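So the structure is just underneath, and the comments pick up after that.
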């Protein structure tokens, strides 16, 4: 008797019958939840998301151990349970903030703003005319960050990976597109050409590089571990001579608002090739590590292994 093998539709595969049933159920649950969220008061949604984070902390032992280990590695000492719990609650807060963007009346700057210095950094980088490689992390409400950049009039497109279920990709587009946030899906044909076209036109291209993925990567230190960081952003930046910036939200202040902090990362002294790519990736890792260290509980990377089991072998570690 033949055995069905689960496949990834993003790579041309076909779901098994069991996979399809599971994915249909998950999609139906997500649609029902979104219907409720759109009608519920924002305060109630925020409370429900925090409750969901607390429930996950209580029930998901594997994830709880992973978060504690990653926090401990980054802090250099055992992480207390209160900080582990705070990471789950922070994930709930980010979910609530993202869901709020589904409301067309929601101002992009309600919970996040950009100061004059960060605005000037990005404006000056774009003015150089060779495009901007915008490096970000899954730190705090990154979807709000993209919406804020679009609302501020900055021509930035994001590079994303399609969901395992194309229907979820459509849901993401339903969140981003009405906000003016455009996406290039790296698994689709012509993705690299689209990225180069954006940079050639003097626009910005955003990359989230803090989580391991099944692409060519470089081993670099990131918050206490030697992690696999995708090298594609550095390779494209050096090949095009594009400006490179790092942008992430700061921790929330007493009023619950964050600031979008954007800083330039030097790349003018580097040339295309493996050494330049490794050096620039290491500089980006250091910049992101400083942001993560300021509020590690808000980093989604705590929930992810440093390297996926079937990742492409990384390039040699930069010493």
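Every number in this text was worked out from the coordinates using simple rules, so none of it is lab data. This structure is a prediction, so every number in the text was calculated from the model and none was measured.
For region 59-206, the alpha-carbon coordinates run over 48, 39, 33 Å along the three principal axes, in decreasing order. A Gaussian network model of the chain, with springs between Cα atoms under 10 Å, assigns the largest mean-square fluctuation among 229, 26, 126 to 26. Summarising the strand pairing of region 112-303, around 40 percent of its internal DSSP beta bridges are antiparallel. The Rg/Rh ratio for region 112-303, using Cα coordinates for both the radius of gyration and the Kirkwood hydrodynamic radius, is 0.93. Each pair of Cα atoms in region 147-226 enters the Kirkwood radius, and Stokes-Einstein at 20 °C and 1.002 mPa s then converts it into a translational diffusion coefficient of 150 µm²/s.
Report summary: the helix-based calculation at 222 nm, which adds -39500 (n - 2.57) for every DSSP H run with n ≥ 4 and divides by the residues of the chain, gives -15500 deg cm²/dmol. Rg and Dmax over the alpha-carbon atoms of region 206-288 stand at 13.8, 46 Å. In the frame of its principal axes, region 9-100 has Cα extents of 45, 38, 22 Å, reported largest first. In region 165-280, Cα pairs under 8 Å separated by at least six residues give a relative contact order of 16 percent. Working from Cα pairs under 8 Å separated by at least six residues, relative contact order for the chain is 22 percent.
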